[in-house]
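Report on the structure given below.
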Amino acid sequence: MTSAIDVRRHVADSVTRDSQLTPAERLHAAGDRLGVAAGPFDAFRATLRDHERYAVDVPAGAKGPFITRGAVVRAYAAFYFLPAVQVPRADRVFHYRFR
């Protein structure tokens with residue numbers, strides 16, 4: 001039986017082996033593509049512990065074809081801050097403002 005952990009490890013190994021990007025470029029590739037500033041994400045991530053709960057404070061921003069820019073930032077934060085856990089309300093809050 002193959003677990004999600006096995007698949008994730010395999011994908012990570014493949015990306016590392018086959019990517020033309022440096023480790024730092026790989027870390028920020030999705031955010032760069034989405035047009036979000038890496039600095040605030042890196043600074044907040046450095047303060048989080050595994051499984052710590054945090055909330056995201058971001059304005060709605062411009063509406064795209066399907067969702068707002070704020071929704072994109074919240075979704076990206078949920079991924080970028082793993083294994084911390086995004087919740088609607090928490091003592092720890094990530095504040096993000098668009099450039």
**OP:** Could you tell me the convex hull volume per residue, in Å³, taken over the Cα atoms of segment 47-99?
**Re:** 80
Original post:
Once phi is turned into ³J(HN,Hα) by the Karplus curve 6.51 cos²θ - 1.76 cosθ + 1.60 with θ = phi - 60°, what whole-Hz value does each residue of segment 62-72 show in order, with x for glycine and proline?
Top reply: 5, 8, x, x, 10, 9, 7, 5, x, 5, 5
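Only the coordinates and a few stated rules stand behind these numbers; no lab work does. For clarity, every value in this text was computed on a predicted model and none was experimentally measured.
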